[in-house]
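Worksheet: the structure to be examined is printed underneath.
The values are calculated or read from the model by the stated rules, or taken from the named source; none is laboratory data. Computed from a predicted structure; not experimentally measured. Every residue, glycine among them, receives a Cβ derived from its backbone with ideal geometry; neighbour counts consider all protein chains shown. Protein only, heavy atoms only, side chains kept; ligands, DNA and RNA dropped before computing areas. Shrake-Rupley method; radii C 1.70, N 1.55, O 1.52, S 1.80 Å.
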Amino acid sequence: MSSFSISLIHGDGIGPEVNTQAVRVLQAIGERFGHDFTFQEYLAGGAAIDATGVPLPEDTITGVKASDALLFGAIGGPQWEDMPHHLKPEAGLLQLRSQLGAFANLRPAVVYDELVDASTLKPEVVRGTDIMVVRELTGGIYFGEPRGVSGSGDGRVGSNTMVYSVEEIRRIAQVAFTTAQLRSKRLCSVDKANVLDVSQLWREVVSEMAADYPDVELSHMYVDNAAMQLVRRPTQFDVIVTGNLFGDILSDAASMLTGSIGMLASAAVGGPVGFFEPIHGSAPDIAGKGIANPLAAIASAGMLLRYGLNCETEADAVEQAIRAVLRDGLRSADMAGPGVQALSTQDMGDAVIARLG
Ligand code: IPM
Ligand code: MG
């Protein structure tokens with residue numbers, strides 16, 4: 001019997017609803033596999049702003065760092081949009097990623113056969129898609145200096161800087177190469193090396209590293225072409241490695257191949273404590289209605305088991321239960337086609353737990 005302490009940040013919007021189902025799934029896993037999970041809640045994002053005035057209180061950072069893994073819901077909402085930049089909910093999320101040193105963001109996009117018709121793309125295009133986007137998460141234009149708006153009135157100039165050091169490129173590429181080794185051994189590095197100096201360095205460093213991974217077939221693609229190829233023939237990709245901004249954009253595009261962004265989980269690893277969150281946002285429009293799809297949050301709990309706690313069998317059980325729910329035709333509102341009765345958030349949680357084996 002192992003004991004694990006899990007930090008919870010439910011966040012805003014649908015965050016608390018979907019995270020609650022993910023916690024129930026972890027509890028059920030604990031019972032079935034004999035683990036003792038203890039959960040501790042912390043504030044971040046809009047909820048933290050309302051309670052403490054800042055989007056990432058100090059005790060959240062200390063508490064999360066002392067735990068074994070973090071399960072994160074979602075943050076943000078219209079009520080905080082007019083806050084100054086450094087006090088927005090999103091700033092809390094970025095600080096948290098940075099403080100945890102979670103530089104490697106794994107974002108799988110898998111098209112389940114059961115959902116092949118849920119995609120807005122043709123089934124013959126998306127069938128068989130199984131992509132892992134490895135997004136650099138603590139550098140690039142999100143964090144680069146100088147940044148800001150200077151001057152006044154019509155003379156104002158806004159800037160951000162896309163910056164990557166060799167060290168930052170090497171460590172994310174290493175995660176991507178080793179991830180590819182465990183999959184179909186194809187790695188596509190996405191950049192904008194035809195225009196950006198930072199991308200030229202990126203491409204050079206990634207290419208140099210290929211010699212250390214002779215079993216991995218490395219290719220390079222410009223980000224504009226990658227966006228096109230993702231919707232043209234997504235099955236050509238296995239692992240994609242890219243910087244923070246390109247990864248943000250491409251992972252949203254990849255998510256829609258699967259039919260619903262409500263399905264996609266992510267893991268942010270590389271630091272001492274792994275950070276697991278659904279890639280969908282806080283969806284304020286449906287918050288509190290009990291209709292949000294909890295499968296991305298539940299799949300994030302699966303990634304927490306696999307990448308955060310090294311509990312492979314338990315992670316497999318969660319993934320298989322999600323597949324079983326879909327195979328049995330159960331759908332939440334985001335996926336239910338015409339004439340299909342949509343399950344509530346809680347009922348989807350129940351359905352997964354009932355299929356945990
Ligand atoms: C994501 C989100 C975040 C990002 C926002 C909420 C700051 O879009 O996790 O993809 O841009 O990284
Ligand atoms: Mg995003």
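A few points about this structure:
- Among residues other than A283 with Cβ under 13 Å from its Cβ, the summed charge is -3 (Lys and Arg +1, Asp and Glu -1).
- Linear extension gain, R233 paired with S150, 0.36 nm per residue minus alpha-carbon span: 25.6 nm
- Accessible surface for the chain, divided over its residues, is 42 Å² per residue with a 1.4 Å probe.
- In a DSSP loop and with at most 11 other Cβ atoms within 10 Å, there are no chymotrypsin sites (Phe, Trp or Tyr not before Pro) in the stretch 265-357.
- Loop-resident sites, the stretch 265-352, for trypsin sites (Lys or Arg not before Pro), counting at most 16 other Cβ within 10 Å (DSSP): K289
- Choice from A211, A227, A336 showing the highest fluctuation, given a GNM over the chain with Cα pairs closer than 10 Å: A211
- Of all lysines in the structure, the ones whose alpha carbon falls short of 27 Å from that of K185, not counting any fewer than 8 places away in one chain, are K122.
- Of all DSSP bridge pairs formed entirely within the chain, close to 35 percent run antiparallel.
- One Cα centroid belongs to the stretch 229-287, the other to the stretch 113-154; the line between them spans 6 Å.
- Average Cα contact separation per residue, the chain, under 8 Å, 6 or more apart, as relative contact order %: 22 percent
- Of the beta bridges in the stretch 120-258, as assigned by DSSP with both residues counted there, near 20 percent are antiparallel.
- Values of log10 I(q)/I(0) for the stretch 45-196 across q = 0.09, 0.15, 0.16, 0.18 Å⁻¹ run -0.45, -1.09, -1.16, -1.23, by the Debye formula with one identical scatterer at each alpha carbon and no solvent.
- In range of the label at T120: residues from the stretch 207-242 whose backbone nitrogen is under 20 Å from the point 7 Å along Cα→Cβ: 224-235
- Between T161 and Q79, the C-beta separation translates, for a Förster distance of 35 Å, into a calculated FRET efficiency of about 0.70.
- With a Förster radius of 35 Å applied to the beta-carbon distance between R171 and Q341, the computed FRET efficiency rounds to 0.15.
- T313/A66 FRET efficiency (R0 30 Å; Cβ-Cβ; nearest 0.05): 0.70
- Cα Rg over Rh - the stretch 120-258, Kirkwood: 1.03
- Quarter the surface of the alpha carbon convex hull of the chain and you get the mean projected area, 18.7 square nanometres.
- Zone of D328's modelled label, taken as backbone nitrogen in the stretch 24-61 under 19 Å from a point 7 Å along Cα→Cβ: 24-33
- Taking the helices alone, the chain has a mean residue ellipticity at 222 nm of -11500 deg cm²/dmol, built from -39,500 (n - 2.57) per DSSP H run of at least 4 residues and averaged over all its residues.
- Centroid-to-centroid, using Cα positions, the stretch 180-201 and the stretch 319-337 are 34 Å apart.
- Percent carbon-and-sulfur accessible area, the stretch 131-286, ignoring ligands, DNA and RNA, probe 1.4 Å: 53 percent
- Residues within the reach of a label modelled at A210 (point 7 angstrom out along Cα to beta-carbon, backbone nitrogen below 13 Å), restricted to the stretch 217-258, are 217-221.
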